[in-house]
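What follows is a single structure, and I will ask about it in a moment.
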Amino acid sequence: MTIPSGYRVPAADIEVEEVIKGSRFITRIRNVATVAAAKNWLKTLREQEPTATHHCWAYIVGNPHSTTDLGCSDDGEPAGTAGKPMLNVLQHSHVGDLMAICTRYYGGTKLGTGGLARAYGGGVKLAMEQLTTCEKVVKVRLDATIDYDCGKDFEHLLQGHEGNILATDYGAQVNYQVELPKHQQEELQQQLEVRFGDKIQWKFTK
């Protein structure tokens, strides 16, 4: 199975609110490209709303079609009643680089474990239904050194693989710094070997 190198990510923040048996549940979703960004947003929200009873959360950082960084927390609610139901909704959305935080202000009536799971999971589901997304293309870096007489052919080959030249340095040979979509990497690698042989040295990095 080929893992897509592109995936959907949130295009804008979303916030929804529900009142369930007197408790306010405010669910927010935003784009977080790193685990650090997710933790920073949670820290900021805790500081902005210190009187909230709970700030439960879940995130998926990275490509949802492959290995990703996942995390969730019940933040003091009974185990398994908040973070996991929230994360489950996110995982079924096939959207990456996103975090959901559900802030609860307790209203005096207990919901029970089933009621809590429905409230937290339902809040994320409601927010996801309104979320707008855009495509994120995963890219890789190519550093290449090539003989001068091959430069034009190399640049033409890059164009056919959606390559973008970031920098060019002219010395004994030409040094290129290139960025291209990850899904083009394997085919371009094969073309470099066939067309240029020992006239080029190259290395792919993330």
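The values are calculated or read from the model by the stated rules, or taken from the named source; none is laboratory data. Note that the structure is predicted; figures quoted are calculated from it, not measured. Backbone-built Cβ (ideal geometry, glycine too); neighbour counts: all protein chains shown.
Just for helices (runs of 4 or more DSSP H) wholly inside the range 76-182: which have at least 2 residues that are outside the structural domain of HIS65 (by TED's automatic domain parsing)?
On the way: elements: 83-91, 112-130, 151-159.
By residue number, 151-159.
Report the residue count in the range 70-84 for those that are touching a Gly at 6+ places or on another chain (Cβ under 6 Å) and either loosely packed, with under 13 Cβ neighbours inside 10 Å or closer than 30 Å to VAL137 by Cα (or both). Don't jump to the end; show me each part of the working.
Let us first name the residues in the range 70-84 that are touching a Gly at 6+ places or on another chain (Cβ under 6 Å), namely 72-74.
Next, from what is left, pick out any that are either loosely packed, with under 13 Cβ neighbours inside 10 Å or closer than 30 Å to VAL137 by Cα (or both): 72-73.
Residues flagged as touching a Gly at 6+ places or on another chain (Cβ under 6 Å) and either loosely packed, with under 13 Cβ neighbours inside 10 Å or closer than 30 Å to VAL137 by Cα (or both) within the range 70-84 amount to 2.
Would you mind finding the one in GLU162, GLU179, GLU155 that is in contact with a helix residue (DSSP H, G or I) (Cβ under 6 Å, 6 or more places away or on another chain) and surrounded by 12 or more Cβ atoms within 10 Å (Cβ to Cβ)? Explain how you work it out, then say what you get.
Values: GLU179 fails: in contact with a helix residue (DSSP H, G or I) (Cβ under 6 Å, 6 or more places away or on another chain); GLU155 fails: in contact with a helix residue (DSSP H, G or I) (Cβ under 6 Å, 6 or more places away or on another chain).
Step by step, each of GLU162, GLU179, GLU155 is checked, and only GLU162 is in contact with a helix residue (DSSP H, G or I) (Cβ under 6 Å, 6 or more places away or on another chain) and surrounded by 12 or more Cβ atoms within 10 Å (Cβ to Cβ).
When the residues of the range 1-60 are narrowed to those that are aliphatic (A, V, I, L, M) and more than 28 Å from PRO78 (Cβ to Cβ), which ends up surrounded by the fewest Cβ atoms within 10 Å (Cβ to Cβ)?
MET1
Just for the range 70-83: of the residues that are over 14 Å from the mean Cα position of the chain (by Cα) and without any contact (Cβ under 8 Å) to a residue 24 or more places away in the chain, which one is nearest to ASN31 (Cα to Cα)? Steps first, please.
Here is the first cut: in the range 70-83, the ones over 14 Å from the mean Cα position of the chain (by Cα) are 72-83.
Adding the requirement that they be without any contact (Cβ under 8 Å) to a residue 24 or more places away in the chain leaves 72-76, 79.
Numbers: CYS72: 16, SER73: 18, ASP74: 21, ASP75: 21, GLY76: 25, ALA79: 26 Å.
Step by step, filter the range 70-83, then rank; the result is CYS72.
Quick grid of which residues meet (1) modelled with pLDDT under 95; (2) not acidic (Asp, Glu):
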{"residue": "ASN88", "(1), (2)": "no, yes"}
{"residue": "LEU98", "(1), (2)": "no, yes"}
{"residue": "LEU142", "(1), (2)": "yes, yes"}
{"residue": "ASP147", "(1), (2)": "yes, no"}
{"residue": "GLU155", "(1), (2)": "yes, no"}
{"residue": "GLN189", "(1), (2)": "yes, yes"}
